[in-house]
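The values are calculated or read from the model by the stated rules, or taken from the named source; none is laboratory data. Everything quoted here is computed from the prediction, not taken from an experiment. Quick reminder, even Gly has a Cβ in these numbers, built from the backbone with ideal geometry, and neighbours come from all protein chains shown.
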Amino acid sequence: MRAGIRSHRDITSFDIETDVCVIGLGAAGAAAAIDARAAGADVVVLERASGGGGTSALSGGVLYLGGGTSLQTACGFEDSPEDMYQYLMASVGEVPDEPKIRRYCDGSVEHFEWVKAQGVPYKETYYPGISGEPPTDDGLVYSGAETTSPFCDIARPAPRGHVGAKTHQTGPLLMQHLCASTERSGARVLGDRRVTELVLDDDGVVVGVVAEHFGEPLAIRARGGVVIATGGFVLNDEMLQQYVPRALRCKLRVAGDGDDGSGIRLGVAAGAATLHMEKASISLPVTQPWGLKRGVMVNGRGQRFINEDTYYGRLGERALFHEDGRAFLIVDDDIFEEPAYCKEIAAVGESFEELERELSLPPGSLDATMAVYNRHAADGTDPAFGKRSEYLQPLLKAPFGAIDCTTENCLYAAFTLGGMVTDVEARVLGPQGDVIPGLYAAGRSSAGVCAGDYSSGLSLGDATFFGRIAGRNAAAGNA
């Protein structure tokens with residue numbers, strides 16, 4: 001059989017027999033294991049590292065949830081599944097998965113209660129002024145572009161970033177509780193096991209896996225199914241070069257050691273289709289602190305290309321994929337403050353014309369851009385991109401500066417969004433939409449809710465949500 005696949009006929013006896021085998025113990029794998037055990041299944045979790053956590057433990061720990069969660073209500077915000085659905089349908093890429101997004105939004109309130117039931121603590125307070133995990137232990141933040149054009153006109157805005165009660169990065173807190181809950185559930189967690197093959201029967205049903213443990217093979221029979229939850233492929237330069245080469249230029253790859261695409265390749269070997277492999281989340285946090293949203297972002301032609309008050313993930317994706325990573329944030333002496341992450345100043349001048357020359361922009365381009373922007377900003381409007389009035393201020397006071405937002409000199413943080421095609425039951429599908437029996441996937445191994453234009457918390461949100469579904473269906477043998 002082809003690489004990554006083993007026939008059951010080649011295995012004389014399995015070393016371990018179980019109902020459900022979960023590959024990977026990050027957020028998706030933990031959720032799958034917990035709910036498979038809750039459904040009464042015997043569960044074995046194989047983790048290539050010595051312990052669980054994965055990329056989820058290195059993340060900010062934000063879960064994008066809404067629809068009127070208990071945390072949103074406690075903080076005084078109204079939300080509905082329909083508002084959440086309308087926002088996501090408009091914001092997660094050009095080809096959103098409508099059935100998957102609908103199920104995610106309709107189940108979001110219940111899912112947050114499940115997360116809390118695993119022991120993750122949340123402080124019932126809202127933190128303004130940041131996109132992503134706050135520097136405090138507050139529990140609720142805006143983590144996308146809900147309040148900005150065009151989305152504020154499509155759906156009623158509400159903060160949906162749910163953050164565990166810990167200052168700054170909360171991924172470790174989240175995974176501490178999910179891993180502990182996995183252990184309490186009775187799932188058997190086997191570390192230092194790298195899965196190298198899926199085992200198929202004569203009918204193409206996935207019936208187990210072969211793993212390596214310090215060079216020794218371990219064959220595991222899975223009566224109900226196998227759940228792949230091994231993360232994305234941002235650490236695999238070959239795959240990046242093939243699918244999303246611009247991500248190779250990003251200074252930071254948001255990933256644990258296991259995000260090398262191995263799970264995706266296993267699924268493909270078994271016949272899985274892939275989707276959105278060319279998509280990645282690209283964060284460009286140049287507008288942290290938020291006062292810098294009053295600046296003007298221009299490309300290598302001296303033209304604006306986005307509303308600067310939007311979520312920094314949209315800034316990064318537009319700058320990298322549409323402007324080839326050539327961007328500058330123009331500021332004047334009144335609004336300048338040191339950025340938290342992108343600290344290089346590309347040019348300083350007493351006029352926009354001087355900045356233009358320093359940046360090697362087309363003659364007259366920046367001067368014309370700023371003349372139009374300043375004229376409308378003086379009236380509190382932005383007819384080109386709809387930036388909110390609170391961030392509209394004419395840039396008039398010299399010296400003027402250009403904060404370097406190029407990939408060479410600014411922090412671009414990347415992780416991949418593409419993976420195996422799955423349906424709303426987390427079943428892996430082939431190229432014709434056919435179900436691959438016995439195989440499930442969740443998290444960044446799958447093409448999830450987000451198909452581009454990321455909002456913080458969607459990875460952990462949909463990983464845990466569809467991880468639970470994968471675990472329950474594998475437990476039931478629902479192929």
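In a residue-by-residue description of region 391-413, the property of being modelled with pLDDT of 95 or more, assigned by TED's automatic domain parsing to the domain that holds LEU355 and part of a helix (DSSP H, G or I) applies to at least one position. Within the option set GLY271, GLY215, GLY225, GLY231, being without any contact (Cβ under 8 Å) to a residue 60 or more places away in the chain and small (Gly, Ala, Ser) holds for one residue only, GLY215.
Considered as a group, the residues in region 323-368 that are hydrophobic (A, V, I, L, M, F, W, C) and modelled with pLDDT under 95 include one that is nearest to ARG304 (Cα to Cα), and that residue is CYS342.
Could you list, in sequence order, all residues of region 220-246 that are more than 20 Å from the chain's Cα centre (by Cα) and of a type in the set (Asp, Glu)? Matches in region 220-246: GLU238 only. Going through (1) among the acidic types (Asp, Glu); (2) without any contact (Cβ under 8 Å) to a residue 40 or more places away in the chain; (3) closer than 21 Å to GLY258 by Cα one by one, ASP379 falls short only on (3).
Selection within region 259-311: residues that are among the β-branched types (Val, Ile, Thr) and outside any strand (DSSP E or B). The member of this set that is farthest from ALA402 (Cα to Cα) is VAL268. Answer with yes or no whether PHE385 is in contact (Cβ under 8 Å) with a residue 60 or more places away in the chain, among the aromatic types (Phe, Trp, Tyr) and either over 30 Å from PRO245 (Cα atoms) or assigned by TED's automatic domain parsing to the domain that holds GLY263 (or both). The answer is no for PHE385.
Residues of region 197-224 that are among the acidic types (Asp, Glu) and either part of a strand (DSSP E or B) or surrounded by 23 or more Cβ atoms within 10 Å (Cβ to Cβ) (or both): GLU197, GLU212, GLU216. In region 13-31, is there at least one residue being within 29 Å of the chain's Cα centre (by Cα), small (Gly, Ala, Ser) and outside any helix (DSSP H, G or I)? Yes, some residue in region 13-31 is within 29 Å of the chain's Cα centre (by Cα), small (Gly, Ala, Ser) and outside any helix (DSSP H, G or I). When PHE328, PHE321 are checked against the criterion of being touching a strand residue (DSSP E or B) at 6+ places or on another chain (Cβ under 6 Å) and of a type in the set (Phe, Trp, Tyr), a single residue qualifies: PHE328.
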